[in-house]
Amino acid sequence: MSSNLFKFSKVFFLSLLLMVGAFAQGSPVLWEQVDVSSRDLFYGPGGQEMLPDVSKVTFVKEETEGYNKNIRSRMQMEESGLPN
C-alpha cells in the first residue's frame with residue numbers, strides 16, 4: 001500500500017511541476033497601466049450611447065424579507081413579441 005502511495009505522490013508532484021513550469025513562462029500581469037483620466041468612469045466603456053432604455057420598466061413590488069433589498073420590476077416587450 002505504501003508503495004502505491006509513494007508512486008502516486010511522485011507522479012502527482014511531477015505533474016504539478018510541469019503545470020507550474022507551463023504557467024511560469026512569460027510575466028503574469030494583474031493589471032495594466034492605463035490613463036484613467038481618458039476612461040469614462042461614470043457610464044462605463046459603452047458610454048452614454050449604450051445606456052438601457054428604462055422608460056418601459058415599471059415597478060411591481062419591493063420584497064422586504066431577508067437581508068438583501070429585492071425589487072421586482074416588469075418591462076414592456078410589445079416590440080419583440082415576448083409576453084410581459
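Quick notes
- Taking the criterion of being of a type in the set (Ser, Thr, Tyr) and assigned to a loop (DSSP other than H, G, I, E, B), the residues of region 57-75 that qualify are THR64, TYR67.
Per-residue answers, yes or no, for (1) modelled with pLDDT of 90 or more; (2) polar (S, T, N, Q); (3) surrounded by 10 or more Cβ atoms within 10 Å (Cβ to Cβ); (4) touching a helix residue (DSSP H, G or I) at 6+ places or on another chain (Cβ under 6 Å):
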residue: GLN25; (1), (2), (3), (4): no, yes, no, no
residue: VAL36; (1), (2), (3), (4): no, no, no, no
residue: LEU51; (1), (2), (3), (4): no, no, yes, no
residue: GLU63; (1), (2), (3), (4): no, no, yes, no
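- Scanning region 34-56 for residues that are of a type in the set (Phe, Trp, Tyr) and in a helix (DSSP H, G or I) yields a count of 0.
- Within region 45-61, the set of residues being farther than 25 Å from ARG74 by Cβ and small (Gly, Ala, Ser) comprises GLY47 only.
The values are calculated or read from the model by the stated rules, or taken from the named source; none is laboratory data. Because the structure is a prediction, the values reported are computed rather than measured. Using ideal geometry, Cβ is built from the backbone for each residue, glycine included, and neighbour counts are taken over all protein chains shown.
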